[in-house]
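Report on the following structure.
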Amino acid sequence: MTHLIPFNRPYLTGRELAGIERAQAAGVLSGNGAISRACEAMLEERTGTARTLLTHSCTGALEMAALLLDLQPGEEVIMPAYTYVSTANAIALRGAMPVFCDIRPDTLNIDETKIEALITPRTKAICVVHYAGVACEMDAILALGRIHGLAVIEDAAQGIEAGYKGRALGAMGDLGAFSFHETKNVTCGEGGALLINRPGLAARADIIHEKGTDRRAFERGETGRYCWQDIGSSFGLGELAAAFLQVQLEDAAAITQRRLALWARYHAAFGAFETAERLRRPVVPDGCTHNAHMYYLLLPPGRDRAAVLSALREHGVMAVFHYVPLDTAPAARRFAQPGPPLPVTADLAARLIRLPLWTGMGEAEQARVVEAVSDVLG
Ligand SMILES: Cc1ncc(COP(=O)(O)O)c(C=O)c1O
């Protein structure tokens, strides 16, 4: 077998080590330093959000969102089951319950037309996930939030640099969360950010982020000492990781452009296969500017996905499946509200494969993936 084309290869701008050296020379290594603040300012400017806090992960940002909304035991949050465990854990950690909503067949995002039927007097929030960096139907979802008095959280783990009708993903709901995990478009290994779009939540966010203390106010000279004010945790990102992130954020637009070119090549290559009903390609609705986070294919019903993935591997291509729907996972029986079946989620999650796509992937490598997929599905 020829060398295996990996699913992901973390991208380096080449300036990361110089950034880390600068951070080291500056002498502040813990979180909330000048470099973290510079990254936060960059994210605020790009997304138009009122306030951003860097976190150690998107998982941490989602946990902060749940704390900020004061989720209580017995309260419910409507969310898709087709997502990563962190979206549900943030809710379950507060003793609140995820209520799973089915997804749309085109984007695999939460189906906004099925949310209202799940609202009960216990519903506190809607948490959406912008799958593959393609926006959910936010106008409808934000309207539901307004009408029913529910908070809206955007899990925009995959959504950096992507937009919806001119607005940035993560900047539309009350709170939004980005991931900078190594699999994401912009990375520092492990990292994340919380976007605070409801200004009234910003002061408490400072405290929750700093282990439940008013240390930030102290550092701004607003108080003579800092102490325990509220519950909280150590949610910040260290300055060394922030320095790595800073150079990646500076290149974010260029990274997106390179990924979009790769995405477009896949999309063009598989058009004829879609016409022949051998696969289905991703859909990007009008008004959504995506970030080419992922290129996935949906296999035809009945096609054995495990066999397809192993045939691609035989051809030297590491393609992978994605989320196991959370409603089918063992923890759902303990932590989620039992709900109606989710036929679209079950169907699409079982048919989806993700192809290798990383910033800096070469044309020859991509051509090999296209050839392998053509051989296996053609
Ligand atoms: C939708 C979604 N939410 C949250 C996360 C967790 O992100 P992190 O690894 O930064 O905690 C992921 C990870 O891939 C994800 O896909």
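Could you say whether any residue in the range 96-106 is surrounded by fewer than 20 Cβ atoms within 10 Å (Cβ to Cβ) and under 16 Å from SER233 (Cα atoms)? Scanning the range 96-106, I find no residue that is surrounded by fewer than 20 Cβ atoms within 10 Å (Cβ to Cβ) and under 16 Å from SER233 (Cα atoms), so the answer is no.
For the range 144-169, filtered to residues that are within 17 Å of ALA50 (Cβ to Cβ) and either among the hydrophobic types (A, V, I, L, M, F, W, C) or open to solvent by 10 Å² or more (accessible area, probe 1.4 Å) (or both), the residue that is nearest to the ligand (Cβ to nearest atom) is ALA156.
The sole residue among LEU262, LEU312 that is within 30 Å of GLY19 (Cα to Cα), open to solvent by less than 50 Å² (accessible area, probe 1.4 Å), in a helix (DSSP H, G or I) and touching a residue at least 24 places away in the same chain (Cβ under 8 Å) is LEU262.
Looking across the range 36-91, the residues that are small (Gly, Ala, Ser), in contact (Cβ under 8 Å) with a residue 60 or more places away in the chain and open to solvent by 20 Å² or more (accessible area, probe 1.4 Å) come down to ALA38, GLY48, ALA50. The lone criterion from (1) within 11 Å of the ligand (Cβ to nearest atom); (2) under 17 Å from TYR84 (Cβ atoms); (3) crowded, with 24+ Cβ neighbours inside 10 Å left unmet by LEU194 is number (1).
Checking every residue in the range 62-76 against the condition of being more than 22 Å from PRO285 (Cβ to Cβ), in contact with a His (Cβ under 7 Å, 6 or more places away or on another chain) and among the aliphatic types (A, V, I, L, M) gives at least one match.
The values are calculated or read from the model by the stated rules, or taken from the named source; none is laboratory data. These numbers come from a predicted model, not from an experiment. Glycine gets a Cβ as well: all are built from the backbone with ideal geometry, and neighbour counts include every protein chain shown. To get the accessible areas, we keep the full protein, side chains included, count just its heavy atoms, and leave off ligands, DNA and RNA. Shrake-Rupley method; radii C 1.70, N 1.55, O 1.52, S 1.80 Å.
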